[in-house]
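Notes to accompany the following structure.
The values are calculated or read from the model by the stated rules, or taken from the named source; none is laboratory data. Please read these numbers as outputs of a predicted model, since none were measured by experiment. Positions of Cβ are backbone-derived with ideal geometry, glycine not excepted, and every protein chain shown enters the neighbour counts.
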Amino acid sequence: MTTTAQKANPRAPHKRPPKRLLQLVTPRDGDPSGTCTLTIPYDSTLLRETGWTAEEFSRHATFLLAAKLYEQGLVSSGNAAELCGVGRAEFLLKLPSVRVATSNLTVEDIDDEFGPTNP
């Protein structure tokens, strides 16, 4: 289907209808698993640009989300690792690859735990 703007200017870019960016499916009432699903639609050109398979892209996107949630203090490292489907140690060791600190302890936390760092 050709729009009026395209008839007037054949070089006008084709506009796609806006996509819903994210789709969240929450569990039904009484669902014992309590599992939610987040769907992120993307164009296949993204896979060509990254050189990843759909599975690799999914794993990387999930890791980035978990890493950011951990970095912001919204989830524990254990819960973030579980979101990625890996062990806690593996999750923590991979954080520097996306420039996220392995520990989110503040100087005050360390002082409280071990005593003043500068006596």
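For the range 110-119, a residue qualifies if it is surrounded by fewer than 10 Cβ atoms within 10 Å (Cβ to Cβ) and part of a helix (DSSP H, G or I), and the qualifying residues are 113, 114. Determine whether the range 102-109 contains at least one residue that is in a loop (DSSP other than H, G, I, E, B), at pLDDT below 95, over 27 Å from residue 61 (Cβ atoms) and among the polar types (S, T, N, Q). So far as the range 102-109 goes, yes, one or more of its residues are in a loop (DSSP other than H, G, I, E, B), at pLDDT below 95, over 27 Å from residue 61 (Cβ atoms) and among the polar types (S, T, N, Q).
Reported count of residues in the range 33-52, each being over 21 Å from residue 84 (Cα atoms) and at pLDDT below 85, is 0.
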